[in-house]
Each structure stands twice: as C-alpha cells, then as structure tokens.
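Enquirer: Below is one structure. I have some questions about it.
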Amino acid sequence: MYNSKITGLGYYVPDNIVKNEDLKEFMETSDEWIQERTGIEERRWIDPKTGDTTAVMGAKASRIAIERAGLTKDDIDFIVFATLSPDMYFPGGGVQVQDMLDMPTIGALDVRNQCSGFIYAMSVADQFIKTGMYKNILVIGAENHSGGLEKSTRGRGVTVIFGDGAGAAVLSRCSDSEKSQGKGILSSHLHSEGKHAKELVLEGPSTQRWVPEILEANNPDDVSYYPHMNGQFVFKHAIGRFSEAIMEGLEANNLQKEDIDMLIPHQANLRIAQFIQKKFQLSDDKVHNNIMKYGNTTAASVIIALTEAWELGKIKDNDLVVLAAFGSGFTWGSVMIRW
Ligand code: UT7
C-alpha cells in the first residue's frame, strides 16, 4: 500500500464582492443580523459577464494547484470533482475540467456530497493512490450558488449564507521515505444519515418533478427549485457530527486533541466553527476560518480555506492538519493529514 499527500493547492474566487449591505437591494435583512448569526461580512458572487461557471472556476483553481505541484496537466491520472451546483444536470464538472485543461482521456468522477463533497472526494482519491492505481489525482471542489438562490425576503434565510468559488488539490503518491516518516493522509472517515435528506435540500427540477410539470403548475408559492434549509435543526446536528468526525479521526490514529496543529472546518457558520474550537480547546492560530470573506461555498469551502491557510504560512512540515465537514444529506466526515 502507498500513502498519498497533497503536493499542490490552488483556489479561485470571483472578483465580484457582495457585502451584506448590498443584499438589501433584494430583501429585508441587515449587516447586523447576518454577522451576528453567521459571521459573514461579504461573499463573492459570479458576475455572469465574466464567463465564470462552476467548471470554469474549478479549472482555474486546478491550473494553480497543478503548477504548484510541479506537474503538468499530462501528469494527472484522474479527476475527482465535487459540487452541488454543476453547470449542467449531466454530465458533471469532471469531464468539463478534463476538456478545459486539454488533458488526456483520463477518468473523471463526480461527487455529490454537498458541504462534505471535498472530504468525500479526498477520501476517494486517497484510496486510488493507496492501492497503486493512480499516482497523481486532481481533486476539485467548486460551487456557483449565486445562479440558483432565491434573492428575495422569502429566501433570505438561505441566500445570505452562500457564496461562489473553487479550490483544487493535487494528491500524489508519497515517496518511500515520506511514507516511513508517517507523512500524508493518515485516514478519512465518512458518514451519512439519509433520513434527514429533506432538512437541507433542493428538490426540483428532478426526475420526480420535471421542468414541464413545474411550469404547467405555474404555482408562485412553489419554492422547491430553490434550496431549503431547516436552519436550527441543521445547526444542532452539525455541532454534534463535526465533533464526532474529528474525535473519530483522532482515535483512529491514537492522537489527542492537543496534537491538532491546524483544523480546517467546513465554513458553514462561524458560530459552529467557534463551538468546535472551544470544544477541542484549540487556540486561534490552530483554526482557519474565512467565512467572513467568502460565505459558505459548500464543496469548495474546505479546500479554499486549506489553500488560504497554507498560503498564509499557517501550515508547517509535519503538522497534524484536520479537515472536517457536515452538510446536506446529511453527510459528514473528516480527513487526517500529517503534512
Ligand atoms: O453548510 C451546510 C450546513 N449548514 C449549516 O450548518 C447551517 C446551520 N444553520 C445556521 O447556520 C442558522 O440556523 C442560520 C444562520 C441559517 C439561521 O440562523 P438562526 O439563528 O437559526 O435563525 P432562524 O432561521 O431561526 O431565524 C430567526 C429570525 C426569523 O424571524 P422570526 O420568525 O423570528 O421573526 C427569520 O425570519 O430571523 C429571520 N431571518 C432573517 N432576518 C434578517 C432569517 N434570515 C434573515 C436574514 N436577515 N437574512
């Protein structure tokens, strides 16, 4: 068995900054409410004139990650692409990135695990590298939320939270000496609880409710084609499951909470991240949050935050880095990395 490690990281967010105050143009809300409940000050929303899409942003982040890995697009053996907001119903974003980057006809897999998407994608890529099937895998998390949110007072409970962006990592096989030093991905832990699928959901259009049916019904109260979230229910579950996923990762590797050097929590709500920080008694320099600037970018959030923390020099050689996420599905999980 081989070990895998991250050799390249990159992220891309649209230039267009939408401040909390700007949202008042579409809805009744306030900077105070949003900051107090979520910690968000601003988010990036794609300006459609720029041509950015989920896949385009994913490709932009990928170019940076591949270059930083010291590789070229021809060295990549496989793509794993996580998103809940693909450009098309099908096919998924993986093949679009394969085309945009003019890559050889390698395999491309799409992951549909919402906020936990990047955790699941990393775990999948890690297994392919462990078995020796592939050497270098491009793992992407990208989201274009702004195109599908209900920008009105009715939708404000969800709309103010989400932002657009993308991040990418190159996962590569460790050398023998790195493996003997215990470097790379130590373990990943994945969970789901489908009975709560409808607590955070976008129902239509789907094969159960196809576009002609929705149009024919012409029901102005039908909001099933906008995301719906039972906020407080999700919040409560998030706190518990985040903690469990981190504990599970520590226990699987005989580690203690004191061993954590950097926690990258999915950026769902600053209050959730702060609760977890307190629970694990981590000092401020051991948790990286950026929800203030980008909002919740679901599958892109962990990889954008990880890349940013790394760029800021917050992650050093041999650090124990913990990635954790919880979201729609419900799905949740963690990835433990010895840097
Ligand atoms: O990423 C996936 C996982 N997601 C999460 O973990 C998110 C978890 N949930 C949350 O973060 C929080 O539940 C929210 C931030 C979404 C909402 O905060 P909350 O404290 O649970 O607020 P609420 O939904 O209970 O709403 C409280 C009040 C309501 O008014 P009334 O009924 O008390 O009069 C809402 O209508 O706040 C109102 N409200 C708003 N007011 C101003 C809801 N959204 C807004 C808004 N601006 N944007």
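The values are calculated or read from the model by the stated rules, or taken from the named source; none is laboratory data. None of the values given here were measured: they were computed from a predicted structure. When we count neighbours, we look across all protein chains shown, and the Cβ atoms used for this are built from the backbone with ideal geometry, even at glycine. Please note that ligands, DNA and RNA were not included when accessible areas were found on the heavy atoms of the full protein model with its side chains. Shrake-Rupley method; radii C 1.70, N 1.55, O 1.52, S 1.80 Å.
Enquirer: Quick one: 3J(HN,Hα) in Hz for region 309-317, Karplus 6.51/-1.76/1.60 with θ = phi - 60°, rounded, Gly and Pro as x.
Expert: 4, 5, 4, 7, x, 7, 10, 10, 3
Enquirer: May I pose another question? In a Gaussian network model over the chain where Cα atoms closer than 10 Å are linked, find which of 111, 18, 322 has the largest mean-square fluctuation.
Expert: 18
Enquirer: Can you put 53, 207, 72, 307 in order of accessible area, largest first, using a 1.4 Å probe?
Expert: Working: 53 40, 207 105, 72 70, 307 0 Å².
Descending order: 207, 72, 53, 307.
Enquirer: Right, something else. In what order, largest first, do 133, 88, 122 sit by accessible area if the probe radius is 1.4 Å?
Expert: Details: 133 115, 88 80, 122 0 Å².
Sorted by accessible area, descending: 133, 88, 122.
Enquirer: Per DSSP H run of n ≥ 4, the term is -39500 (n - 2.57); total these for the chain, divide by its residue number, and report the mean residue ellipticity at 222 nm rounded to 500 deg cm²/dmol. It would help to have the intermediate numbers written out before the result.
Expert: Values: 11 runs with 108 residues, N = 339.
Computed mean residue ellipticity for the chain: -9500 deg cm²/dmol.
Enquirer: Still on this structure, please answer the following. Enumerate the calculated ³J(HN,Hα) couplings along region 50-62 in order (Karplus 6.51 cos²θ - 1.76 cosθ + 1.60, θ = phi - 60°), each rounded to whole Hz, writing x wherever the residue is Gly or Pro.
Expert: Per residue, the Karplus-derived 3J(HN,Hα) values read 6, x, 5, 9, 4, 5, 4, 5, x, 5, 5, 5, 5 Hz.
Enquirer: Separate question: If I compute solvent accessible area with a 1.4 Å probe over the protein chains, what percent of it on region 184-338 is carbon and sulfur?
Expert: Working: 3500 of 7030 Å².
Result for region 184-338: 50 percent of the exposed heavy-atom area is carbon or sulfur.
Enquirer: Per residue, how large is the accessible surface of region 184-338? Use a 1.4 angstrom probe and give square angstrom.
Expert: Numbers: 7030 Å² over 155 residues.
Roughly 45 Å² per residue, with all protein chains present.
Enquirer: Right, here's the next one. Once you've got the GNM for the chain with C-alpha springs shorter than 10 Å, pick whichever of 43, 209, 241 has the biggest mean-square fluctuation.
Expert: Ranking 43, 209, 241 by mean-square fluctuation puts 209 first.
Enquirer: Which whole-number value in Å³ per residue fits the convex hull of the alpha carbons of region 117-158?
Expert: Once divided by residue count, the hull of region 117-158 is 66 Å³.
Enquirer: Here's another thing I want to ask about it. Over region 4-180, give the accessible area per residue in Å² for a 1.4 Å probe, as an integer. Can you show the working numbers first?
Expert: Details: 7470 Å² over 177 residues.
Per-residue accessible area for region 4-180 comes out at 42 Å².
Enquirer: Under 12 Å from the Cβ of residue 10, count the other residues' Cβ atoms, weight Lys and Arg +1, Asp and Glu -1, and hand me the total. Intermediate results must be reported in sequence, preceding the final value.
Expert: Working: positive: 60, 63, 68; negative: 67, 308, 311.
Charge balance near residue 10 sits at 0.
Enquirer: In Å, what is the Rg of the alpha-carbon atoms in the chain, and how long is Dmax?
Expert: Every Cα atom of the chain included, Rg and Dmax give 19.2, 64 Å.
Enquirer: Using only C-alpha atoms and all pairs of different ones, pull out the Kirkwood radius for region 184-338 in Å with one decimal. Mind dumping the intermediate values first?
Expert: On the way: mean 1/r = 0.0594 Å⁻¹.
After inverting the pairwise mean of 1/r, the radius is 16.8 Å.
Enquirer: Right, here's the next one. At 1.4 Å probe size, with no ligands or nucleic acids counted, give the accessible surface of residue 26 in Å², nearest ten.
Expert: 80
Enquirer: For the peptides 199-206, 330-337, 2-9, 135-142, what is the packing order when you average, over each peptide's residues, the other Cβ atoms within 10 Å and list the highest mean first?
Expert: Numbers: 199-206: 16.9, 330-337: 25.5, 2-9: 21.5, 135-142: 28.9.
Result, highest mean first: 135-142, 330-337, 2-9, 199-206.
Enquirer: Between beta-carbons, use under 11 Å as the cut-off and find the net charge around residue 204, counting Lys and Arg +1, Asp and Glu -1.
Expert: On the way: positive: 209; negative: 203, 213, 222.
Local net charge: -2.
Enquirer: Can you give the convex hull volume per residue for the Cα atoms of region 255-331, as a whole number of Å³? Display every interim value, and only then the final one.
Expert: Working: hull volume 7.4 nm³, N = 77.
About 96 Å³ per residue, rounded to a whole number.
Enquirer: Taking θ = phi - 60°, what integer Hz values does the Karplus form 6.51 cos²θ - 1.76 cosθ + 1.60 yield along region 92-97, in sequence order, with x for Gly and Pro?
Expert: Each residue of region 92-97 in turn: x, x, x, 5, 5, 5 Hz.
Enquirer: Keeping the other protein chains in place, figure out the carbon and sulfur percent of the accessible area of region 4-180, with a 1.4 Å probe.
Expert: Values: 3710 of 7470 Å².
That share works out to 50 percent.
Enquirer: Taking the Cα atoms of region 4-180, report the difference between the largest and smallest coordinate on each principal axis, in whole Å and largest first.
Expert: 57, 33, 24
Enquirer: Given H placed 1.01 Å from N in the peptide plane, which residues other than close sequence neighbours of residue 202 have an amide H under 5 Å from its amide H?
Expert: Distant-sequence amide H within range of residue 202: 228.
Enquirer: In a GNM of the chain with a 10 Å cut-off on Cα contacts, which of 267, 208, 256 has the highest mean-square fluctuation?
Expert: Fluctuation is largest for 208.
Enquirer: A follow-up question, please. Taking the Cβ of residue 173 as the centre, find all other residues whose Cβ is under 12 Å away and add up their charges (Lys, Arg: +1; Asp, Glu: -1). Each step should come with its number before you reach the end.
Expert: Numbers: positive: 5, 130, 135, 179, 183; negative: 75, 77, 126, 176, 178.
Once all neighbours under 12 Å are counted, the net charge is 0.
Enquirer: Would you mind checking the pairs 24/198; 279/314; 49/236 and listing those with alpha carbons more than 30 angstrom apart?
Expert: Numbers: 24/198 28 Å; 279/314 21 Å; 49/236 39 Å.
Violating the 30 Å limit, Cα to Cα: 49/236.
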